[in-house]
Every structure is written in C-alpha cells, then in structure tokens.
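The values are calculated or read from the model by the stated rules, or taken from the named source; none is laboratory data. Note that this is a predicted model, so its numbers are computed, not measured. FYI the Cβ positions are ideal-geometry reconstructions off the backbone, even for glycines, and counts take in every protein chain you see. For accessibility, only protein heavy atoms count, side chains too; no ligands or nucleic acids. Shrake-Rupley method; radii C 1.70, N 1.55, O 1.52, S 1.80 Å.
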Amino acid sequence: MAETDQPSGRSADVKPQDVVSNFNFVVPKNEIVMVPDMGKWKRSQAYADYMGFVLTLNEGVKGKKLTCEYTISRTVEKLVELLDTLDRWIDETPPVDQPSRFGNQAFRTWFSKLDKNAEELVAAVLPDDQQAAAPEIAVYLKESVGNQTRIDYGTGHEAAFAAFLCCLCKVGALQAEDRLAIVFKVFDRYLQVMRKLQKTYRMEPAGSQGVWGLDDFQFLPFIWGSSQFLDHPTLEPRHFIDEKVVNDNCQDYMFLECIKFINEMKTGPFAEHSNQLWNISAVPVWSKVNQGLIKMYKAECLEKFPVIQHFKFGSLLSIKPVKP
C-alpha cells in the first residue's frame, strides 16, 4: 500500500471545539416506526447528510486505485486499529458446535464484547476535545456489524458503518483530506472484517432478495468501486465476470474484491447466483453503471422500510427536516 503519513489537517477558520459545541449529543434512537414515516426520513437532514457523504466519497475515489498514494491521518490510523481489534476478537471467539449450520451462536459472544466496549473504542479514536460525542457515535458502530439476535448482516448494517464515518466527519475527527483514506483504508478494512464475520459465524443475509438482489451483504463498495473504474483505458464492465481479470486486478479495485468474494462463496454459473451483477456487466460504460447503482441504492436500500426502520437518529444525523 502506497501511503503518506500526515497529521490530521483542520480548517484554519473552524476549530474542532466550535464544531462539537454546535451539537447537543444524545443516544440515537429509531424514528421510522411505520411505513408512512418514510417521508420524514427522505425529507430529513440525516438523509441529506448521508447521501451527501456517499456521493462526496464517490467523487473522491473517481479513477483511483486502492494502491494509489493518499494521506493517512492519525484518526484514520486509530480507526484501522479499532477494526484490527474487532478482527482479533473473531480469532479469540471461535464458532461453537451446534446443530444449525447457519447463524453460529458464538457471534453473540463476539458481539457482547463490542457492545460492552464500543464507547471506549470510539473514545480512543476521538481527540480529547470531541470525547462528548463518543456515546452517540458508538451506537452506529454497534449497529454496523450485524444483528445479535438474528445473527444476520445486510445493507442496513453497512449503512450504519457509513453513518458512523459520516458522524466522525461532522464532529471534525475526519477531514476533507481523509476522503481517499476513508474508502481505501478504513472502509476496505471494515469489509475485510465483515467478510470474516460472515464466513466464521455463517451469518444469514439480512433481507436478502436472493438472486434478484445486487449482493447478499454489501452495496456501497459496488458504487464506490464502479467510480474507481471511470475513464479506465482497458477494463470495461463486461470484464468483471472474467475470473482471471478479477484475480489479476482485485488488489486495485474494490468492485473486483466484491466479485472475488462472491466467486469464493457461491457455486454454479455467475448468471444464476448473481443475476443483477450479470445484467450490469452488459452495460457498456462505467459511468452508466455508477449512476445506475446510485439510483438502485436509493430505491432498494434507502427507500425500503425494512432497512430504514432500524436506522438510528440523533443530533449528528437528525430526523429534523432539511432547512429550506
């Protein structure tokens, strides 16, 4: 990995304590309890901030490889250390023998460690002047790893991790210059840990649409991964169903990392087990793939009540309507 160490930069005119003082931190809670509440979500400041965050990162990674050079702030290093801790806990919590093949109950033991230590883990990431935000932000971290009761994982959990990162940006712990590192260093490490969780504890896909969904577990790495391919001189959408192309280039492209994981986890013809992705491979250019995936993400994830009913709202991601 080509990286450059650099202290976390801050805007000269906005001090972090000024940013933090703008919020009265609370423990985030559910606000979308019935289908008619979805209108509140789509009009909310949280929706605007969340989509703005996703699209800003989408623009930031445009045409860039995972192995390109980018700055690594101290906050990014601490986030990777946090994820390394979660990874180590998986090794310390092996699956138990049980009759059921899926949903290994050792996941609940692993989750209880996170539940107990989440605030402390988040506090270790935040600078001293932002510690008051830890209890609020920690809720999104706990929501981002799967459901303790059902032992499943899906795009709603992935959205909670993006919300976690968005909150760190809102309090000033992460800065605009961290954009590439957020996706290529932190989110990519998060994906590695989630894949390990999914494999180790045989987690069920949450709300999976089977072959008609994009992927059993993830969505955002396909959006950001397709942006990486914009204006690529040789690799076109039709190439990602070629296993040799995937294996030769997955270290550079998040999209291909996802395809590689699917190929490892599923058997049979790609067109049968991943029909949506197979259809996407027929799109002629990456720009159309990227735009189409953003529309699909809004329609299939962010505008679906079964996903958003679990989303938590606080002071950083507020249910209040966007100010006109």
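Taking the solvent-accessible surface of protein heavy atoms with a 1.4 Å probe, what is the per residue accessible area of the range 86-145 in Å²? List each step's numbers first, then the result.
Working: 2900 Å² over 60 residues.
Roughly 48 Å² per residue, with all protein chains present.
The magnitude of the dipole of the chain, with charges of +1 and -1 set on the Cβ of Lys/Arg and Asp/Glu and taken from the Cα centre, is near 840 debye. Note on Arg101 and His232: the extension gain reaches 43.0 nm, defined as 0.36 nm multiplied by sequence separation minus the Cα-Cα distance. Each part gets one Cα centre, and for the range 148-187 versus the range 277-324 those centres are 15 Å apart.
Would you work out what percent of the accessible area of the range 138-209, with all protein chains in place, is carbon or sulfur (probe 1.4 Å)?
On the way: 840 of 1940 Å².
Carbon and sulfur together cover 44 percent of it.
Summing Lys and Arg as +1 and Asp and Glu as -1 over all other residues whose Cβ lies under 14 Å from the Cβ of Cys301 gives a net charge of -1.
How much of the accessible area of the range 25-98, in percent, comes from carbon and sulfur atoms when a 1.4 Å probe is used?
Values: 1920 of 3610 Å².
C and S fraction of accessible area: 53 percent.
The residues of the range 153-242 expose, per residue, 30 Å² of accessible area to a 1.4 Å probe. The sum of -39500 (n - 2.57) across all DSSP H runs of n ≥ 4, divided by the residue count of the chain, sets its helix-only mean residue ellipticity at 222 nm to -14500 deg cm²/dmol.
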